[in-house]
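Enquirer: Before I ask anything, let me first share the structure, which is written out below as structure tokens.
The values are calculated or read from the model by the stated rules, or taken from the named source; none is laboratory data. This one's a predicted model, so the numbers in the text were calculated from it and none came from an experiment. Cβ placement follows ideal geometry from the backbone for every residue including glycine, while neighbour counts extend to all protein chains displayed. The area values use the complete protein model at the heavy-atom level, side chains included, leaving out ligands, DNA and RNA. Shrake-Rupley method; radii C 1.70, N 1.55, O 1.52, S 1.80 Å.
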Amino acid sequence: MKLPKELYNGCIIFIGIGLYFLLMEALGLADLVYLRLFNILFVFYGANRTLKTNFLEGKTIFPYNAVSALLTSLTGVFLSIIGLITYIYYKGGDSYIQTLPETFLFVGKPSVMTYSISLLFEGIVSAVIVTFSLMLYWKKQYPSD
């Protein structure tokens, strides 16, 4: 059985983000905010792969492609948050959250769920921005009118 391209590319986003953050932690660079921002590149890559496949298949309807790209991005984001929650609990749960650097934008002592939900909202916003950006790019490449 073949996976839908949105799920497949969402898994690519998840694997890319997961490996990127594990590498950053292994190298001791996890506390550098500007390096954490590069995870959006994986979201761009996965959503762009979905759009490229759609256009190669002749699917040039704007709303269909927008939904397809958004589903890809959101799949990657949701899988990444699930992976993050799993990783945090593996490392010690709430006590691990307290050891994270102060560069995260939290006041007080966030719980695992508070931390994860705030990152989920950030990821959803990133997915929407990536989708809109890619749709503008692809609309120039393949005008529908």
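Enquirer: Which angle between 0 and 90 degrees, to the nearest 10, do you get for helix 5-26 versus the longest principal axis of the chain when only C-alpha atoms count?
Expert: For helix 5-26, the angle is close to 30 degrees.
Enquirer: Moving on. Note the angle between two axes, namely the Cα long axis of helix 112-141 and the longest principal axis of the Cα atoms of the chain, as a number of degrees from 0 to 90, rounded to the nearest 10.
Expert: Helix 112-141 sits at roughly 20 degrees to that axis.
Enquirer: To the nearest 10 degrees, how steeply does helix 62-91 sit against the main Cα axis of the chain, on a 0 to 90 scale?
Expert: 20
Enquirer: Moving on to the next point. Residues of the stretch 1-136: accessible area per residue at 1.4 Å, in Å²? Show your work: numbers first, answer last.
Expert: On the way: 8110 Å² over 136 residues.
Accessible area per residue, the stretch 1-136: 60 Å².
Enquirer: Could you calculate the contour length gain from L23 to V67, that is, 0.36 nm times the residue separation minus the distance between their Cα atoms, to one decimal place in nm?
Expert: Stretched fully, the L23-V67 segment lengthens by 12.7 nm.
Enquirer: Can you tell which of A26, A127, A69 shows the greatest fluctuation in a Gaussian network model of the chain with Cα springs below 10 Å?
Expert: A26
Enquirer: Amide H of L32: which non-local residues (sequence gap of 5 or more, or other chain) have their own amide H closer than 5 Å, using H built in the peptide plane?
Expert: For L32, whose amide H was placed from the backbone, there are no distant partners under 5 Å.
Enquirer: Multiply the residue gap between L56 and I117 by 0.36 nm, knock off their C-alpha separation, and tell me the result in nm, one decimal place.
Expert: Details: separation 61, 0.36 × 61 = 21.96 nm, distance 3.60 nm.
Full-extension gain reported as 18.4 nm.
Enquirer: Put +1 on the Cβ of every Lys and Arg and -1 on every Asp and Glu Cβ in the chain; which of A26, S118, W138 then has its Cα farthest towards the positive end of the dipole?
Expert: Of A26, S118, W138, it is W138.
Enquirer: Where Lys and Arg each count +1 and Asp and Glu each count -1, what net charge lies around A69 among other residues with Cβ under 10 Å from its Cβ?
Expert: So the surrounding residues net to 0.
Enquirer: Let me ask another. Could you tell me what percent of the accessible area of the chain is made up of carbon and sulfur, with a 1.4 Å probe and every protein chain present?
Expert: Roughly 72 percent of what the probe reaches on the chain is carbon or sulfur.
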